[in-house]
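Engineer: I'd like to ask you about the structure that follows.
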Amino acid sequence: MENRFRDEAEIHVHAGRGGDGRISFRREKYEPRGGPDGGDGGRGGDVILVADASLNTLYDPYRERDYRATDGEPGGGNNRHGADGKSLRLHLPVGTVVRDAERNHVLCDLSTPGQEVVIAKGGRGGRGNKHFAHATRQVPRIAEAGREGEDRRLLLELKLIADVGLVGLPNAGKSTLLSRVSAARPKIGPYPFTTLVPEVGVVKLGEDRAAVIADIPGLIEGAHEGSGLGDRFLRHVDRTRFLLQLVDCSVMADLEPAAAFDVVDAELRKHSRALGRRPRIVVATKVEDEEGASRADTLDAHLRTKRRAKALRISAVTGQGIKDLLAEVARRLTEAAKEED
Ligand SMILES: Nc1nc2c(ncn2[C@@H]2O[C@H](COP(=O)(O)OP(=O)(O)OP(=O)(O)O)[C@@H](O)[C@H]2O)c(=O)[nH]1
Ligand SMILES: [Mg+2]
(Lines give C-alpha, C1' and ligand atoms only; values in the text may rest on other atoms or scores of the structure.)
(Ligands and ions follow the chains in the order given, each with its own letter.)
Protein backbone atom coordinates (compact mmCIF):
# COMPACT_ATOMS: atom_id res chain seq x y z
CA MET A 1 0.00 0.00 0.00
CA GLU A 2 2.85 2.29 0.81
CA ASN A 3 4.21 2.33 -2.68
CA ARG A 4 1.04 3.69 -4.27
CA PHE A 5 -0.25 6.09 -1.74
CA ARG A 6 1.80 8.99 -0.59
CA ASP A 7 0.70 11.50 1.95
CA GLU A 8 4.22 12.46 2.91
CA ALA A 9 7.11 13.19 0.67
CA GLU A 10 10.37 15.01 0.74
CA ILE A 11 11.41 16.72 -2.43
CA HIS A 12 14.17 19.00 -3.54
CA VAL A 13 13.32 21.93 -5.75
CA HIS A 14 15.81 23.94 -7.76
CA ALA A 15 14.90 27.17 -9.43
CA GLY A 16 16.81 27.99 -12.60
CA ARG A 17 20.10 29.81 -12.60
CA GLY A 18 20.22 33.17 -14.32
CA GLY A 19 22.01 33.24 -17.68
CA ASP A 20 25.41 34.90 -17.82
CA GLY A 21 25.84 38.35 -19.27
CA ARG A 22 27.79 38.42 -22.50
CA ILE A 23 31.02 40.13 -23.41
CA SER A 24 30.84 41.27 -26.98
CA PHE A 25 31.72 44.24 -29.17
CA ARG A 26 29.99 45.66 -32.17
CA ARG A 27 31.61 44.73 -35.42
CA GLU A 28 31.09 47.11 -38.23
CA LYS A 29 33.01 47.79 -41.35
CA TYR A 30 35.66 50.46 -40.94
CA GLU A 31 35.12 50.47 -37.19
CA PRO A 32 37.56 48.05 -35.64
CA ARG A 33 36.70 48.97 -32.12
CA GLY A 34 32.94 49.03 -31.93
CA GLY A 35 31.25 49.68 -28.63
CA PRO A 36 30.24 46.92 -26.21
CA ASP A 37 27.02 45.16 -27.15
CA GLY A 38 26.91 42.12 -24.88
CA GLY A 39 23.33 41.37 -23.88
CA ASP A 40 22.00 40.36 -20.48
CA GLY A 41 21.35 36.81 -19.45
CA GLY A 42 17.75 35.66 -18.98
CA ARG A 43 16.16 35.05 -15.60
CA GLY A 44 16.11 31.51 -14.27
CA GLY A 45 12.71 29.85 -14.08
CA ASP A 46 10.82 29.71 -10.77
CA VAL A 47 9.43 26.62 -9.11
CA ILE A 48 5.76 27.22 -8.51
CA LEU A 49 3.43 25.03 -6.44
CA VAL A 50 -0.13 24.78 -7.70
CA ALA A 51 -3.04 23.54 -5.56
CA ASP A 52 -4.90 21.17 -7.84
CA ALA A 53 -8.39 20.05 -6.86
CA SER A 54 -8.30 17.08 -9.22
CA LEU A 55 -5.58 15.35 -7.19
CA ASN A 56 -6.19 13.75 -3.85
CA THR A 57 -2.99 12.01 -3.00
CA LEU A 58 0.68 12.71 -3.46
CA TYR A 59 0.81 10.00 -6.08
CA ASP A 60 3.71 8.46 -7.91
CA PRO A 61 4.86 11.56 -9.77
CA TYR A 62 6.18 12.85 -6.50
CA ARG A 63 8.33 9.84 -5.89
CA GLU A 64 10.86 11.66 -7.90
CA ARG A 65 12.96 13.69 -5.58
CA ASP A 66 14.38 16.49 -7.65
CA TYR A 67 12.49 19.12 -9.53
CA ARG A 68 14.25 21.68 -11.64
CA ALA A 69 13.13 24.74 -13.45
CA THR A 70 15.28 25.60 -16.46
CA ASP A 71 18.15 28.05 -16.45
CA GLY A 72 18.12 31.39 -18.18
CA GLU A 73 20.02 31.57 -21.48
CA PRO A 74 23.18 33.64 -21.65
CA GLY A 75 23.04 37.02 -23.30
CA GLY A 76 24.13 37.30 -26.93
CA GLY A 77 26.03 39.75 -29.05
CA ASN A 78 24.26 42.65 -30.67
CA ASN A 79 22.48 43.37 -27.34
CA ARG A 80 20.51 40.19 -27.51
CA HIS A 81 18.85 39.36 -24.22
CA GLY A 82 19.04 35.70 -23.25
CA ALA A 83 15.72 33.88 -23.03
CA ASP A 84 14.25 33.47 -19.54
CA GLY A 85 14.21 29.96 -18.11
CA LYS A 86 10.91 28.13 -18.02
CA SER A 87 9.21 27.99 -14.68
CA LEU A 88 8.27 24.59 -13.34
CA ARG A 89 4.72 24.23 -12.08
CA LEU A 90 4.33 21.42 -9.63
CA HIS A 91 0.74 20.29 -9.13
CA LEU A 92 -0.10 19.13 -5.64
CA PRO A 93 -3.40 18.14 -4.09
CA VAL A 94 -5.42 20.75 -2.27
CA GLY A 95 -4.69 20.29 1.42
CA THR A 96 -0.92 19.89 1.05
CA VAL A 97 1.01 21.55 3.82
CA VAL A 98 4.52 22.51 2.71
CA ARG A 99 7.36 22.75 5.20
CA ASP A 100 10.98 23.69 4.97
CA ALA A 101 12.70 20.32 5.50
CA GLU A 102 15.67 21.81 7.27
CA ARG A 103 13.97 24.13 9.70
CA ASN A 104 10.61 22.40 9.74
CA HIS A 105 8.51 25.54 9.68
CA VAL A 106 5.43 25.78 7.49
CA LEU A 107 6.07 27.66 4.26
CA CYS A 108 2.59 27.46 2.85
CA ASP A 109 -0.67 25.61 3.03
CA LEU A 110 -2.22 24.87 -0.34
CA SER A 111 -5.78 25.11 0.86
CA THR A 112 -7.55 26.85 -2.02
CA PRO A 113 -8.00 25.23 -5.42
CA GLY A 114 -5.95 27.05 -8.02
CA GLN A 115 -3.73 28.71 -5.45
CA GLU A 116 -0.16 29.26 -6.65
CA VAL A 117 2.94 29.83 -4.59
CA VAL A 118 6.41 30.64 -5.89
CA ILE A 119 8.41 28.37 -3.62
CA ALA A 120 11.84 28.89 -5.20
CA LYS A 121 12.77 31.96 -7.17
CA GLY A 122 14.85 31.83 -10.29
CA GLY A 123 18.21 33.63 -10.27
CA ARG A 124 18.62 36.98 -11.93
CA GLY A 125 20.38 37.06 -15.26
CA GLY A 126 23.83 38.62 -15.34
CA ARG A 127 24.29 41.95 -17.06
CA GLY A 128 26.17 42.09 -20.34
CA ASN A 129 29.28 44.14 -20.86
CA LYS A 130 27.44 47.09 -22.35
CA HIS A 131 26.42 48.01 -18.79
CA PHE A 132 30.03 48.29 -17.74
CA ALA A 133 31.23 50.86 -20.19
CA HIS A 134 31.98 54.36 -19.01
CA ALA A 135 34.30 57.22 -19.86
CA THR A 136 37.43 55.62 -18.49
CA ARG A 137 36.58 52.11 -19.57
CA GLN A 138 35.38 52.06 -23.09
CA VAL A 139 36.32 48.49 -23.77
CA PRO A 140 34.75 46.60 -20.90
CA ARG A 141 35.90 43.04 -20.88
CA ILE A 142 33.69 42.15 -18.00
CA ALA A 143 30.15 40.95 -17.67
CA GLU A 144 28.16 39.62 -14.78
CA ALA A 145 27.52 35.96 -14.13
CA GLY A 146 23.93 34.86 -13.65
CA ARG A 147 22.80 34.30 -10.06
CA GLU A 148 22.01 30.89 -8.70
CA GLY A 149 18.34 30.03 -8.38
CA GLU A 150 16.89 29.26 -4.97
CA ASP A 151 17.29 25.72 -3.86
CA ARG A 152 15.05 24.20 -1.23
CA ARG A 153 14.21 20.94 0.41
CA LEU A 154 10.52 20.63 1.05
CA LEU A 155 8.48 18.33 3.20
CA LEU A 156 5.05 17.77 1.74
CA GLU A 157 2.31 16.56 3.98
CA LEU A 158 -1.16 15.98 2.72
CA LYS A 159 -4.08 16.70 4.99
CA LEU A 160 -7.37 16.35 3.28
CA ILE A 161 -9.83 19.15 3.77
CA ALA A 162 -13.39 17.95 4.06
CA ASP A 163 -16.60 18.87 5.81
CA VAL A 164 -17.24 15.42 7.20
CA GLY A 165 -14.87 12.61 8.13
CA LEU A 166 -15.92 8.95 8.23
CA VAL A 167 -14.31 6.94 11.00
CA GLY A 168 -14.82 3.46 12.38
CA LEU A 169 -13.28 0.04 12.70
CA PRO A 170 -12.34 -1.80 9.52
CA ASN A 171 -15.36 -3.27 7.77
CA ALA A 172 -17.82 -0.91 9.50
CA GLY A 173 -19.36 0.14 6.19
CA LYS A 174 -17.71 3.51 5.68
CA SER A 175 -16.91 3.13 2.00
CA THR A 176 -20.31 1.60 1.33
CA LEU A 177 -21.97 4.68 2.82
CA LEU A 178 -19.77 7.01 0.78
CA SER A 179 -20.60 5.18 -2.44
CA ARG A 180 -24.29 5.28 -1.56
CA VAL A 181 -24.44 9.05 -1.03
CA SER A 182 -21.90 10.34 -3.55
CA ALA A 183 -20.55 9.65 -6.99
CA ALA A 184 -17.32 8.34 -5.45
CA ARG A 185 -16.66 4.66 -6.15
CA PRO A 186 -14.41 3.48 -3.36
CA LYS A 187 -13.51 -0.15 -3.13
CA ILE A 188 -15.86 -2.13 -0.91
CA GLY A 189 -15.09 -5.56 0.46
CA PRO A 190 -16.37 -8.06 3.00
CA TYR A 191 -13.08 -7.98 4.87
CA PRO A 192 -11.11 -5.48 6.93
CA PHE A 193 -8.65 -3.02 5.38
CA THR A 194 -10.40 -2.78 2.06
CA THR A 195 -9.74 0.93 1.92
CA LEU A 196 -6.04 1.69 1.77
CA VAL A 197 -6.18 5.22 0.55
CA PRO A 198 -8.24 8.08 1.89
CA GLU A 199 -10.85 9.11 -0.58
CA VAL A 200 -13.23 12.02 -0.84
CA GLY A 201 -16.72 12.27 -2.29
CA VAL A 202 -19.18 15.09 -2.70
CA VAL A 203 -22.65 14.63 -1.26
CA LYS A 204 -25.54 16.73 -2.50
CA LEU A 205 -27.55 18.05 0.39
CA GLY A 206 -29.98 20.26 -1.46
CA GLU A 207 -30.38 22.41 -4.54
CA ASP A 208 -27.21 24.36 -4.03
CA ARG A 209 -25.65 22.69 -1.06
CA ALA A 210 -23.06 20.00 -0.96
CA ALA A 211 -20.62 18.55 1.51
CA VAL A 212 -17.26 16.95 1.01
CA ILE A 213 -16.92 13.64 2.84
CA ALA A 214 -13.59 11.96 3.50
CA ASP A 215 -13.46 8.17 3.81
CA ILE A 216 -10.38 6.84 5.54
CA PRO A 217 -9.14 3.32 6.12
CA GLY A 218 -10.45 1.54 9.20
CA LEU A 219 -8.91 2.38 12.55
CA ILE A 220 -7.71 -0.22 14.99
CA GLU A 221 -6.55 -0.15 18.56
CA GLY A 222 -3.29 1.76 18.75
CA ALA A 223 -4.09 3.76 15.62
CA HIS A 224 -3.03 6.99 17.28
CA GLU A 225 0.45 5.54 17.75
CA GLY A 226 0.66 4.32 14.21
CA SER A 227 -0.85 0.83 14.31
CA GLY A 228 -2.20 0.06 10.85
CA LEU A 229 -0.84 3.46 9.78
CA GLY A 230 -3.70 4.88 11.83
CA ASP A 231 -1.90 8.06 12.79
CA ARG A 232 -1.43 8.96 9.16
CA PHE A 233 -5.04 8.27 8.36
CA LEU A 234 -6.33 10.18 11.35
CA ARG A 235 -4.48 13.20 10.06
CA HIS A 236 -6.89 13.24 7.13
CA VAL A 237 -9.83 13.87 9.38
CA ASP A 238 -8.00 16.58 11.35
CA ARG A 239 -9.43 19.19 9.07
CA THR A 240 -13.09 18.26 9.08
CA ARG A 241 -16.03 20.06 10.66
CA PHE A 242 -17.44 16.94 12.20
CA LEU A 243 -17.18 13.19 12.17
CA LEU A 244 -19.48 10.32 11.45
CA GLN A 245 -18.47 7.41 13.62
CA LEU A 246 -19.77 4.19 12.10
CA VAL A 247 -20.45 1.19 14.29
CA ASP A 248 -21.21 -2.19 12.73
CA CYS A 249 -24.35 -3.58 14.38
CA SER A 250 -24.61 -6.79 12.37
CA VAL A 251 -24.08 -10.16 14.01
CA MET A 252 -21.08 -10.65 11.78
CA ALA A 253 -19.12 -7.91 13.50
CA ASP A 254 -16.02 -8.92 15.42
CA LEU A 255 -16.83 -6.70 18.37
CA GLU A 256 -20.02 -5.87 20.21
CA PRO A 257 -21.25 -2.40 19.20
CA ALA A 258 -20.43 -0.82 22.57
CA ALA A 259 -16.86 -2.12 22.48
CA ALA A 260 -16.46 -1.12 18.84
CA PHE A 261 -17.58 2.38 19.73
CA ASP A 262 -15.11 2.63 22.61
CA VAL A 263 -12.08 1.49 20.63
CA VAL A 264 -12.47 4.19 18.01
CA ASP A 265 -13.59 6.79 20.53
CA ALA A 266 -10.40 6.23 22.50
CA GLU A 267 -8.21 6.46 19.41
CA LEU A 268 -9.77 9.76 18.38
CA ARG A 269 -9.19 11.21 21.82
CA LYS A 270 -5.63 9.98 21.97
CA HIS A 271 -4.85 11.33 18.53
CA SER A 272 -5.64 14.85 19.68
CA ARG A 273 -7.85 16.71 22.08
CA ALA A 274 -9.33 18.61 19.18
CA LEU A 275 -10.36 15.46 17.37
CA GLY A 276 -11.78 13.93 20.54
CA ARG A 277 -13.99 16.97 20.95
CA ARG A 278 -14.93 17.35 17.31
CA PRO A 279 -18.72 17.18 16.91
CA ARG A 280 -19.64 13.64 16.05
CA ILE A 281 -22.68 11.73 14.90
CA VAL A 282 -22.69 8.08 15.87
CA VAL A 283 -24.15 5.91 13.12
CA ALA A 284 -25.27 2.32 13.68
CA THR A 285 -24.69 0.53 10.38
CA LYS A 286 -26.05 -2.65 8.82
CA VAL A 287 -29.28 -2.31 10.78
CA GLU A 288 -31.73 -4.07 8.49
CA ASP A 289 -33.22 -6.79 10.65
CA GLU A 290 -34.35 -7.33 14.22
CA GLU A 291 -31.03 -8.69 15.23
CA GLY A 292 -29.33 -5.54 14.03
CA ALA A 293 -31.94 -3.37 15.74
CA SER A 294 -31.44 -5.07 19.08
CA ARG A 295 -27.69 -4.66 18.81
CA ALA A 296 -28.24 -1.01 17.97
CA ASP A 297 -30.31 -0.81 21.19
CA THR A 298 -27.31 -1.99 23.19
CA LEU A 299 -25.24 0.70 21.51
CA ASP A 300 -27.79 3.34 22.49
CA ALA A 301 -27.82 2.09 26.07
CA HIS A 302 -24.04 2.42 26.12
CA LEU A 303 -24.12 5.88 24.58
CA ARG A 304 -26.63 7.10 27.16
CA THR A 305 -23.87 7.18 29.72
CA LYS A 306 -21.46 8.97 27.41
CA ARG A 307 -23.20 11.17 24.92
CA ARG A 308 -26.38 13.13 24.58
CA ALA A 309 -27.68 11.66 21.34
CA LYS A 310 -28.58 8.15 20.30
CA ALA A 311 -27.06 6.57 17.25
CA LEU A 312 -28.71 7.10 13.90
CA ARG A 313 -29.54 3.77 12.32
CA ILE A 314 -28.88 3.05 8.70
CA SER A 315 -28.68 0.21 6.28
CA ALA A 316 -26.76 0.74 3.10
CA VAL A 317 -28.42 -2.37 1.71
CA THR A 318 -32.03 -1.25 2.10
CA GLY A 319 -31.28 2.46 2.10
CA GLN A 320 -33.10 2.81 5.39
CA GLY A 321 -32.12 5.83 7.50
CA ILE A 322 -29.85 7.38 4.92
CA LYS A 323 -32.14 10.27 4.13
CA ASP A 324 -32.45 11.12 7.79
CA LEU A 325 -28.70 10.88 8.18
CA LEU A 326 -28.13 13.33 5.34
CA ALA A 327 -30.69 15.71 6.83
CA GLU A 328 -28.78 15.58 10.09
CA VAL A 329 -25.50 16.19 8.26
CA ALA A 330 -27.03 19.23 6.57
CA ARG A 331 -28.32 20.54 9.89
CA ARG A 332 -24.94 20.11 11.55
CA LEU A 333 -23.14 21.85 8.73
CA THR A 334 -25.46 24.81 8.98
CA GLU A 335 -24.77 24.90 12.69
CA ALA A 336 -21.02 24.68 12.16
CA ALA A 337 -21.13 27.47 9.58
CA LYS A 338 -23.00 29.69 12.03
CA GLU A 339 -20.41 29.09 14.69
CA GLU A 340 -17.62 30.00 12.30
CA ASP A 341 -19.24 33.36 11.48
N1 LIG B 1 -25.69 -6.21 5.45
C2 LIG B 1 -25.08 -5.07 5.25
N3 LIG B 1 -23.80 -5.09 4.85
C4 LIG B 1 -23.17 -3.91 4.66
C5 LIG B 1 -23.81 -2.67 4.87
N6 LIG B 1 -22.92 -1.68 4.63
C7 LIG B 1 -21.78 -2.30 4.26
N8 LIG B 1 -21.91 -3.64 4.27
C9 LIG B 1 -20.89 -4.65 3.94
O10 LIG B 1 -19.86 -4.56 4.87
C11 LIG B 1 -18.60 -4.87 4.25
C12 LIG B 1 -17.59 -3.79 4.52
O13 LIG B 1 -18.00 -2.61 3.86
P14 LIG B 1 -16.98 -1.43 3.53
O15 LIG B 1 -17.81 -0.28 3.10
O16 LIG B 1 -15.90 -1.89 2.63
O17 LIG B 1 -16.38 -1.17 4.98
P18 LIG B 1 -15.27 -0.10 5.39
O19 LIG B 1 -15.69 0.46 6.72
O20 LIG B 1 -15.06 0.88 4.33
O21 LIG B 1 -14.04 -1.06 5.60
P22 LIG B 1 -12.45 -0.68 5.55
O23 LIG B 1 -12.22 0.08 4.32
O24 LIG B 1 -11.80 -1.99 5.59
O25 LIG B 1 -12.18 0.12 6.78
C26 LIG B 1 -18.93 -5.07 2.79
O27 LIG B 1 -19.04 -6.44 2.54
C28 LIG B 1 -20.25 -4.38 2.61
O29 LIG B 1 -21.00 -4.92 1.56
C30 LIG B 1 -25.16 -2.68 5.29
O31 LIG B 1 -25.82 -1.67 5.52
N32 LIG B 1 -25.74 -3.90 5.46
MG1 LIG C 1 -13.44 1.32 3.30
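Engineer: What is the one condition in (1) assigned to a loop (DSSP other than H, G, I, E, B); (2) at pLDDT below 95 that GLY21 does not satisfy?
Structural biologist: Against the list (1) assigned to a loop (DSSP other than H, G, I, E, B); (2) at pLDDT below 95, GLY21 comes up short only on (2).
Engineer: From the set of residues in region 185-203 that are within 6 Å of ligand 1 (Cβ to nearest atom) and more than 19 Å from VAL237 (Cα to Cα), which is nearest to the chain's Cα centre (by Cα)?
Structural biologist: Our first condition is that a residue be within 6 Å of ligand 1 (Cβ to nearest atom); within region 185-203, this holds for 188-190, 192-195.
Narrowing the set further to residues that are more than 19 Å from VAL237 (Cα to Cα) leaves 188-190, 192.
On the way: ILE188: 24, GLY189: 26, PRO190: 29, PRO192: 25 Å.
Across region 185-203, the extreme among qualifying residues is ILE188.
Engineer: Going residue by residue through region 153-174, is there one that turns out to be within 16 Å of ligand 1 (Cβ to nearest atom) and polar (S, T, N, Q)?
Structural biologist: Within region 153-174, one or more residues are within 16 Å of ligand 1 (Cβ to nearest atom) and polar (S, T, N, Q).
Engineer: Another question, if that's okay. Do you know which residues across region 177-219 are closer than 23 Å to ASP231 by Cα and in a strand (DSSP E or B)?
Structural biologist: GLU199, VAL200, GLY201, VAL212, ILE213, ALA214, ASP215
Engineer: Would you pick out the residues in region 278-298 that are open to solvent by 40 Å² or more (accessible area, probe 1.4 Å) and either within 16 Å of ligand 2 (Cβ to nearest atom) or part of a helix (DSSP H, G or I) (or both)?
Structural biologist: Residues satisfying the conditions are LYS286, GLU290, GLU291, SER294, ASP297, THR298.
Engineer: Among (1) small (Gly, Ala, Ser); (2) away from ligand 1 (no atom under 16 Å from the Cβ); (3) open to solvent by less than 40 Å² (accessible area, probe 1.4 Å), where does SER182 come up short?
Structural biologist: Exception for SER182: condition (2).
Engineer: Do we have LYS323 as open to solvent by 40 Å² or more (accessible area, probe 1.4 Å), within 16 Å of ligand 2 (Cβ to nearest atom) and more than 18 Å from PHE242 (Cβ to Cβ) here?
Structural biologist: For LYS323, the condition - open to solvent by 40 Å² or more (accessible area, probe 1.4 Å), within 16 Å of ligand 2 (Cβ to nearest atom) and more than 18 Å from PHE242 (Cβ to Cβ) - is not met.
Engineer: Which ranges mark the strands (runs of 3 or more DSSP E) fully within region 72-176 that have 3 or more residues being open to solvent by less than 40 Å² (accessible area, probe 1.4 Å)?
Structural biologist: 88-93, 96-100, 116-120, 151-158, 164-168
Engineer: Another one. Report, by residue number, each residue of region 229-262 that is aromatic (Phe, Trp, Tyr) and either surrounded by fewer than 20 Cβ atoms within 10 Å (Cβ to Cβ) or over 30 Å from GLY95 (Cβ atoms) (or both).
Structural biologist: Answer for region 229-262, where residues must be aromatic (Phe, Trp, Tyr) and either surrounded by fewer than 20 Cβ atoms within 10 Å (Cβ to Cβ) or over 30 Å from GLY95 (Cβ atoms) (or both): just PHE242.
Engineer: Still on this structure, please answer the following. Regarding region 250-269, can at least one residue be identified that is within 30 Å of LEU158 (Cα to Cα) and of a type in the set (Gly, Ala, Ser)?
Structural biologist: yes
Engineer: Test PRO186 against the stated conditions and say whether it is closer than 21 Å to GLY95 by Cα and within 13 Å of ligand 2 (Cβ to nearest atom). Walk me through it before giving the result.
Structural biologist: Working: closer than 21 Å to GLY95 by Cα: yes; within 13 Å of ligand 2 (Cβ to nearest atom): yes.
Considered against the rule, which asks whether it is closer than 21 Å to GLY95 by Cα and within 13 Å of ligand 2 (Cβ to nearest atom), PRO186 comes out as yes.
Engineer: Let me ask something else about it. Against the definition (modelled with pLDDT of 95 or more, within 18 Å of VAL167 (Cβ to Cβ) and in contact with a Pro (Cβ under 7 Å, 6 or more places away or on another chain)), how does LEU299 come out, yes or no? Quick ask: steps written out before the conclusion?
Structural biologist: On the way: modelled with pLDDT of 95 or more: yes; within 18 Å of VAL167 (Cβ to Cβ): yes; in contact with a Pro (Cβ under 7 Å, 6 or more places away or on another chain): yes.
Here the answer is yes, as LEU299 does meet what is asked.
The values are calculated or read from the model by the stated rules, or taken from the named source; none is laboratory data. From a predicted model like this one, the values you see are computed outputs, not experimental measurements. Every residue, glycine as well, gets a Cβ built from its backbone with ideal geometry; the counts of neighbours run over all protein chains shown. Just so you know, the surface numbers come from the protein's heavy atoms only, side chains and all, with ligands and any DNA or RNA stripped out. Shrake-Rupley method; radii C 1.70, N 1.55, O 1.52, S 1.80 Å.
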